[in-house]
Every structure is written in structure tokens, then in C-alpha cells.
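The values are calculated or read from the model by the stated rules, or taken from the named source; none is laboratory data. Computed from a predicted model, the values in this text were never measured in an experiment. Using ideal geometry, Cβ is built from the backbone for each residue, glycine included, and neighbour counts are taken over all protein chains shown. Just so you know, the surface numbers come from the protein's heavy atoms only, side chains and all, with ligands and any DNA or RNA stripped out. Shrake-Rupley method; radii C 1.70, N 1.55, O 1.52, S 1.80 Å.
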Amino acid sequence: MQTSTLVLVLLILAAVAYRAGRMRSLALVGGLKGASKLHSRPGYYGLLTALWCAIPALLVLGLWHAFDGRIVTDLVIGGMSAEVQALTPDQLSLVLNDVRNLVAGAIPAEMASPEARAAAARYVELQSLSGLAAAALCLSLALAAGAFVWLRISPSLRARNNVETIVRVALIGCSTIAIFTTIGIVISVLFESIRFFRQVPVTEFLFGLQWSPQMAIRADQVGSSGAFGAVPLFTGTLLIAGIAMLVAVPVGLFAAIYLAEYARRRVRAVIKPMLEVLAGIPTVVYGFFAALVVGPLLRETGESLGLAVASESALAAGLVMGIMIIPFVSSLADDMITAVPQSMRDGSYGLGATQSETIRRVVFPAALPGIVGGVLLAISRAIGETMIVVMAAGLGANLTANPLEAVTTVTTQIVTLLVGDQEFDSPKTLAAFALGLVLFLATLSLNIIALQVVRRYREQYE
Amino acid sequence: MNDPALNPAAAENRAQRTRRLVEQSLRRRYRAERRFRAYGIMAVALGLCFVGFLFSSIISTGWTVFQQSYLRLDVSYAADVIDPDGSGDLETIGNADYSGLIKAAMRKQFPDVEGRGNLRDLYRLASDGGQFDLRERVLRDPDLVGKSETLWVLADDRVDLYMKGRIDRELGEDVRGLTDQELGWIDRLVADDRLEKRFNRSFFSNGDSREPEQAGVWGAVVGTFLTLALTLLLSFPIGVAAAVYLEEFAAKNRATDFIEVNINNLAAVPSIVFGLLGLAVFIQLFGLPRSAPLVGGLVLTLMTLPTIIIASRAALKGVPPSIREAALGMGASEVQTVMHHVLPLAMPGMLTGAIIGMARALGESAPLLMIGMVAFIVDIPHGFTDPATVLPVQVYLWADSPERAFLERTSGAILVLLGFLLIMNATAVILRQKFERRW
């Protein structure tokens, strides 16, 4: 039976269970007139029956699906000849792919070996068996659990409280997903990184100056030794993020100061959303803009000035990234500036200070911690930004501080190492996870510091 | 001695001096004031310039994508080519050589062209894609076999670029990509009203293609729709449930603090890290298919959850406590209070948050690159496990293509993407204005 039909049948069963539970509760007390003798309103009895009917069955179905593919393939392999079982995992996956293609009809049956055909037949058989077993198990579970509760319905059953407990548990479950996501990120990145560091020492990765992650297929090939020194990537990332901050911080800060302190209410209401449009534009659009508009423009300007500007210069990527971050800096700074109490400004005006003096000497220092927090968040965003650098920055690792040359970044390398089909245990792909770990840790610590600073600052004035 | 009461003259003197000093410095200070204000105006102007420059450069390269050059050809559906045995068998008709028909029509248009090389150049004025149109027409109406009709056939991308004025005919032959002879043919076609720009249907109905004139966004739009539908379906209920728990039920203790710290951090984790998670967990561990909207939706769900939770909590905070107290006072249980009273009142705010989260997910491409949604996919996806791509990734793919005609397609796809974003954000704003209640 198809999973979707099964789910549908389960939902219909749950609806039936709702009716049945409700009817039974009413029947026990002699119809609607006696409803006041029930502990809970009749609907709750129905709901309790329906939940018991659907939830265990759906859980079992989910678990079944998580594991049945693996079990079926294991059984298929187990049924094949000893030679096949002796193959390495890579070759085995090729054989399995053949079998799956055969099942899907992607390759005609005449082309396959008899063994593959037999395996395919077995695969189909096991799959349908598994489907039938899942259906039988889930349906009987649904019926059994539903019937169990249905039989227990009595006027004194605390149906509402039971339903509410289930609801609470579900709510708690949903709110813990954030924790599981974090754990998932840490585990997935950490494990692959540990596997990487077994092949390449941590010190070489963190302090090496050479980055050329291609591993040779044969040992005697030219450039066969891949080098995994990530320093050029770190400097490239910092260079581009630095250029971005040089654009975003002054522009964003002054825009925020002007809009918060000088601009009239009407002007502010028009201009602020217009600037925030920049925050809503997808990063891939910025990447396009950097690679095909700003990059060539800079190169032409450089040529006319007699400067050699690489077509994928760090400057182009950094500039555009800076534009992207302007609204981020300006809206955070705006928040922080408007949170400074008016009394502080009034005090300064009372001493005869001009508006700009008040802003520079009173408002800005008071808002500084918050602004620093905002800038830290902006840096973390610049470091983690991917599409702009993938499209507009170079691929070659280049240890330089010259913004006119092409540099590569951590995120660019992650993308280039992982896009396309790849085997999962070569140092090349594992290196991407190690880079991901560095990225995650760097942004995490920046975020924690920034959030701490911002929170402490907010508490000061609120 | 400094006491002004004892020495009024000295005090007078001092006051005058101070006054003079202040007046002297006042000019400088006012100048500084004006300068400071000018910096602010410059920053705002610069920001607005960036917005203007960005949009004008994208619109100026992209707006022409809504039109495409078509050739008007007299195609004759020769029976001996399409259905030689006259059996009317749909399979035979489907396998016929339709590009030959277009070639024949081109030959008829230019009877004076001779020589294989010249003919090949001539044929290249029409796009490869035209044959599929013909095939579809004949399959839909097999009675056409043996007749002829005049119809508009897709032109080649170079012809299209020329028609849109993006190829300068003053340039040398090798630079502009069209020979003088080809330009001559184009001029004749234009003079005969047989070559013109019409509404670009194929851009909105085709999937991706290696040929710019045939490439369309429909495949990516469907992929985006599937991915986002799954994201919304998962992230909205889960996000609302998490927000309700944290805001309404959770006790203030370490566990809830930990959850909150987690949510705030996840909101700031780079999106590419979620891609790594998706690759390692969903694809490697669970064995879900690559390039599928299923995995894309799951990854984007994890990514947008923090946004939705934070927005939903803000919406719940906005419901005044008096509502809860009234419900509890009437004997409702805590769960009833939340489900029957607080949640409906907070719903507009939550929906606004969800739309904003969806708009972010719509523009996201980095994590989807990790899970293989960058494959070259021609077919329109039909389900959650079919290989698919999404609009932003399509933009990325086209931006990487060397053909000049793809530049226009890329900008066109960006315009479509921005159009969707505009609709979503406008909906959010309208929703907020219409339903937001101040208590």
C-alpha cells in the first residue's frame, strides 16, 4: 500500500474514532441531556480516542520508513552471491544502483546480468512485503489503541486533562527541535571534521599556507599531494568581510543617525523602508550584481587608471557585500540610538551643545555597546555569506592583502568542494566539513558575544 | 579674590571673555554641525543610490526577456516525412523529423541560398526548439499531416539578441557572432514581416535548457513552489507550537533558557551550515534523494523555524494578559485559554512572521547548493522526490553560463523572483495593517 494512502486511511480512522468516542461518552449518560454528568465535554472523549488511534500508528509508520530502505537493501545483498558480498562498499553501491535502476525500469531487463535480475525481483518482492507489513502493523495498532481507549471511556474518565497532557507534550516536542537542530549541526560537522583531521593534522589545517584540495587518483600524478592549509582562505574571508564592513559601517551608521536624529517623521517613514529593501533582496541577486555589473565596472575603471584589477577581485565582492549589510547595520544602530533616553539629549542641549555635539559626545557613546554588538553580528553575517563570494570571488587560494586581486573564502571553498557528486570519505569532501566547523564556531562565538552585549545594553535603559 | 561678589569688575571681564570665546567658536561649531548633517544625508543618499543602481541595472538587462524573436514560416507538414506509411500511428508521427520540416520551410523562404555551409548557417537562424512545437501541434491534431500552415517559430538566440539591439552591426563579424550574410537574411526577413518580437511564452512555460532561447523558469517556479509548500507546512505549525510553549506554558528555568539561547543562535547561523547539516543528516544518514524538494523543504524548515518562532512569540506577547485572565476566570483550562482565545488573536501577527520567513526562504540558495539542487534539470518536477531546482539557484546557474543571451534570462529570472518577493512582502504589510490590533 502506498504511504500516502496509508496516512489518509489512518486519518479517516481517526475521524471515525472521534465520532465513536463522542457517541459512546454520550450514550453512557443517556444523550446530550446527561452531558453534564460527564467529566469533560463529549468532544474531548472523541478527541482522546482519535489521538490514541492516530498518533502511535503514525509514529510507527515514520520509524518504519526511516529504516525500511536500509533493511531491504541489506536483505537483498544478503541474498546475492558471495562474490558480491565481498565487494568494497563503493563497488557494492554500484551494484545496488544497477538493481535499483532495474527496478525503476531505467535500464531494460535484457541488459542486466541474471543475478542482478534476480536481486531486482527480490527487491521488488521485499519492498511490497515491507509495504504490506507496515500497513498491517499500523492499521492494527490504530484499531487496537483506539479500541483500548474507547472501551475505557466512562463518565469519570478525565478526558480533557488527558488531551491537554498530549497537547503539552507535543508543544514541548516542537520547542525542542531547535536544540536537536543545533545538536545535528554540531554532530554532522564535528564527526566529518574528526575524520578529516585523522588524515590531515589540525595544525597543518589551521596554520598551513598552501591550499590546493585536489587529491590525485593515481599516486604518481602531478600535484598529487593535496595541500590543506586554510590560512589563505581565512585571510581571504577576512579581507572581503573587512571591505564589506568599511562600506557598511560608516554608511549604515550615518544613515541611522540621520534618520533617527535629524530626519522628519515623514521623511523617515519613506526612506527607512526604501533602505530596508536592500535587506530583502536575495543574496544570489547581489552575487549576480557583483559578478556581472560591479566586477567588470571595476576592471574597466582600473584599466583606465593603469591598475591591474582581477575580474574576480576581492573589492567587487566586498563592496557588494557591504551594500547588502548596510540595512542590517542601520536598523540595529537605529534601534540602539532611539533607545537612548531623551533626557540625556535634553541635558546636553541644556548645556548649550549643538545637535551634532550631542550626538557625538552623548548619544553615540551611550549607544556604543549596542552598536558594537550590531557590528559584530554584521561581521558574522559577512563571514557566513555565501552566494556573493561564490559568484564574484575567485577560486584560487591566494595569500594576499591586495583588494584588487582575486581571493577565495571559506564559504566559496565549501561550495566548490561539495557541489556535484562526490564520494564521502575523500579528504577533499571532508575538508569542506572542517571548514564548516571553523565557520560555525567563528560565527557562533561572534553571535554569543554580540547577543550578550546587546542584551546587557538593552537592560541598562529599559 | 575670584569671588565675583568681591570683585565685580573682574567678573564682568571674565563673562565678556567667555562670551567672546563662545561667539568665536560658534561659527566653527555650526560648520561642524552642518558637516555632520551632510554626512548623514550623504550616507542616506548613497544607500538610496545603491538601491537605484541595483534595480536599474537588473531591470535594464532583464525587461526584454518578456519578448522573444519569432520567425513566421510557411511550414508544410509533408506526409512523406511525418507519416510515410499513412498509418496514423502516433508513435511514428512522434518520431518524425520535424527539424527537417523547419529547414524545408527556411529553404523555401530563401530559394537562392546554395551550398551546405550556407544552408547550415541559414538553418541556424531558427532555434532547435521549434521542432518540439511542431511535433506537439501534429500530435494534438494528426489531421494536419499533408497540409501546410503559417506559424511563428522560435528564432535563434543570436537573432534575438540582434533584434533587441544588443548586437551592434558596426562591429566585426567575429565579435558580434553574426556574419554579414546572416544579417542580410535577417534584414530580408524583417522587411517581409517574417521576423518580429512577440510575447515570450516559452520563458514562462519551459524548464531549463542549454539553448538560451528555449530556457524558461517554469521548472524552477514549480520546484520553488514544492519546496516552499513543504517548508510552510512544516515550519509554521512547529514554529507556532514552539512559540506557544515557550511563551505561555514554559516555566522560567534552565531548560527553557537553553532552548531560547539555541533559537537565537540558530537565527544567526550562516545558511550554508544548514546545507552541511542537510547533506550529512538527510542525504547521507537517512538516504533521502538528492536534488529533491523534499530535502530542500526540510533544510529550509530548520532554517526558517527560528524566524517564525521569534515572530510568533512577539505576536503572543502582544495579546494583553486581561484576555487570558478573563478566560481563566470563566473556568477555561490553560490549554483552552490559549487555543480558544490567545492563539486566534495572535494569528495575524504569526502569519505575518510566517510570510516574512517564507520570503527569506524563497531567496535562499546556499544550503540548496549543498544538497544538490543545482543539477541541470530540464523536466518540470511533479512530486516532492523528483529532481528539481529553485528560482534563486536557477539564477545562479544561468549567471554562470557563458552565452551572452543568458544574461538577459538571468535578469529576467531575477525579476520573476523579485516579483514573488514583492507579492509576499506586500501581503505581509497588508495583513499587518488590516488585522493588527492595538490594545
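Numbers for the structure displayed
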read-out	value
Residue among B:Phe236, B:Phe199, B:Phe204, B:Phe249 that alone is in contact with a strand residue (DSSP E or B) (Cβ under 8 Å, 6 or more places away or on another chain) and modelled with pLDDT of 85 or more	B:Phe199
Residue list for segment B:405-422, filter: within 11 Å of chain A (Cβ to nearest Cβ) and under 22 Å from B:Arg166 (Cα atoms)	B:Phe406, B:Leu407, B:Thr410, B:Ser411, B:Ala413, B:Ile414, B:Leu415
Residue in segment A:408-427 that is out of contact with any Phe, Trp or Tyr (no Cβ under 6 Å at 6 or more places or on another chain), open to solvent by 10 Å² or more (accessible area, probe 1.4 Å), among the aromatic types (Phe, Trp, Tyr) and farther than 24 Å from A:Val200 by Cβ present	no
Sole residue being within 26 Å of A:Tyr262 (Cβ to Cβ), open to solvent by less than 40 Å² (accessible area, probe 1.4 Å) and out of contact with any Phe, Trp or Tyr (no Cβ under 7 Å at 6 or more places or on another chain), chosen from B:Val75, B:Val44, B:Val51	B:Val51
Given (1) of a type in the set (Lys, Arg); (2) modelled with pLDDT of 90 or more; (3) not assigned by TED's automatic domain parsing to the domain that holds A:Ser36, number of the condition A:Arg158 does not satisfy	(3)
Per-region count, segment B:195-222, residues farther than 19 Å from B:Leu362 by Cβ and of a type in the set (A, V, I, L, M, F, W, C)	4
Total residues in segment B:41-52, condition more than 7 Å from chain A (Cβ to nearest Cβ) and under 11 Å from A:Ile271 (Cα atoms)	1
Restricting segment B:333-349 to residues that are within 14 Å of another protein chain (Cβ to nearest Cβ) and either outside any helix (DSSP H, G or I) or under 14 Å from B:Arg437 (Cβ atoms) (or both), the residue that is most open to solvent (accessible area, probe 1.4 Å)	B:Ser333
Cβ pairs under 9 Å, 6+ apart, first in segment B:160-175 and among the small types (Gly, Ala, Ser), second modelled with pLDDT of 80 or more and open to solvent by less than 40 Å² (accessible area, probe 1.4 Å)	B:Gly165/B:Thr64
Residue match in segment B:211-222 (condition: more than 30 Å from A:Cys174 (Cα to Cα), open to solvent by 30 Å² or more (accessible area, probe 1.4 Å) and in contact with a helix residue (DSSP H, G or I) (Cβ under 6 Å, 6 or more places away or on another chain))	yes
Among the candidates A:Leu92, A:Leu51, A:Leu11, residue that is under 37 Å from the mean Cα position of the chain (by Cα), over 30 Å from A:Val169 (Cβ atoms) and in a helix (DSSP H, G or I)	A:Leu92
First in segment B:23-40 and more than 9 Å from chain A (Cβ to nearest Cβ) and under 12 Å from A:Glu357 (Cα atoms), second anywhere and open to solvent by 50 Å² or more (accessible area, probe 1.4 Å) and not in a helix (DSSP H, G or I), Cβ under 9 Å, 6 or more apart	none
Filter pass, A:Gly370 being away from every other protein chain (no Cβ under 12 Å), assigned to a loop (DSSP other than H, G, I, E, B) and in contact (Cβ under 8 Å) with a residue 12 or more places away in the chain	no
Considering residues of segment B:116-148 that are touching a Ser or Thr at 6+ places or on another chain (Cβ under 8 Å) and outside any helix (DSSP H, G or I) only, the residue surrounded by the fewest Cβ atoms within 10 Å (Cβ to Cβ)	B:Lys147
Selected residue [part of a helix (DSSP H, G or I), hydrophobic (A, V, I, L, M, F, W, C), closer than 21 Å to B:Leu279 by Cα and at the interface with chain B (Cβ under 8 Å from one of its Cβ atoms)] from A:Leu377, A:Leu435, A:Leu444, A:Leu430	A:Leu444
From the options B:Phe274, B:Phe258, residue that is among the aromatic types (Phe, Trp, Tyr), farther than 24 Å from A:Val419 by Cβ and assigned to a helix (DSSP H, G or I)	B:Phe258
Which listed residue is more than 31 Å from the chain's Cα centre (by Cα), in the same structural domain as A:Ser140 (by TED's automatic domain parsing) and within 20 Å of A:Val163 (Cβ to Cβ), from A:Ser81, A:Ser36	A:Ser36
Filter result for A:Met321 (within 13 Å of chain B (Cβ to nearest Cβ) and either open to solvent by 20 Å² or more (accessible area, probe 1.4 Å) or in contact with an Asp or Glu (Cβ under 7 Å, 6 or more places away or on another chain) (or both))	yes
Of the criteria (1) within 14 Å of chain B (Cβ to nearest Cβ); (2) crowded, with 16+ Cβ neighbours inside 10 Å; (3) modelled with pLDDT of 85 or more, which one A:Ile449 fails	(2)
Any helices (runs of 4 or more DSSP H) falling wholly within segment B:352-439 and containing at least 3 residues that are open to solvent by 70 Å² or more (accessible area, probe 1.4 Å) and closer than 22 Å to B:Leu294 by Cβ	none
Residues of segment A:145-173 satisfying the condition of being touching a Phe, Trp or Tyr at 6+ places or on another chain (Cβ under 7 Å) and at the interface with another protein chain (Cβ under 9 Å from one of its Cβ atoms)	A:Arg160, A:Val163, A:Arg168, A:Leu171, A:Ile172
Hey, A:Val60 away from chain B (no Cβ under 14 Å) and assigned to a helix (DSSP H, G or I) or not	yes
Candidate set from segment A:174-201 (those that are more than 9 Å from every other protein chain (Cβ to nearest Cβ) and crowded, with 21+ Cβ neighbours inside 10 Å); member that is farthest from A:Ala50 (Cα to Cα)	A:Phe196
Residue list for segment B:78-115, restricted to those being crowded, with 16+ Cβ neighbours inside 10 Å and over 30 Å from B:Met163 (Cα atoms)	B:Ala78, B:Ile82, B:Asp83, B:Ile93, B:Ala96
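Per-residue answers, yes or no, for (1) at pLDDT 90 or above; (2) within 7 Å of chain A (Cβ to nearest Cβ):
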{"position": "B:Leu362", "(1), (2)": "yes, no"}
{"position": "B:Ala366", "(1), (2)": "yes, yes"}
{"position": "B:Phe376", "(1), (2)": "no, no"}
{"position": "B:Asp379", "(1), (2)": "no, no"}
{"position": "B:Phe384", "(1), (2)": "no, no"}
{"position": "B:Leu391", "(1), (2)": "yes, no"}
{"position": "B:Tyr396", "(1), (2)": "yes, yes"}
{"position": "B:Ser401", "(1), (2)": "no, no"}
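Every residue, every condition in (1) in contact with a Pro (Cβ under 7 Å, 6 or more places away or on another chain); (2) facing chain B (nearest Cβ under 7 Å); (3) open to solvent by 40 Å² or more (accessible area, probe 1.4 Å), yes or no:
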residue	(1), (2), (3)
A:Ala241	no, no, no
A:Met245	no, no, no
A:Val251	no, yes, no
A:Tyr258	no, yes, no
A:Ala269	no, no, yes
A:Leu275	yes, yes, no
A:Pro282	yes, yes, no
A:Phe289	no, yes, no
A:Val294	no, no, no
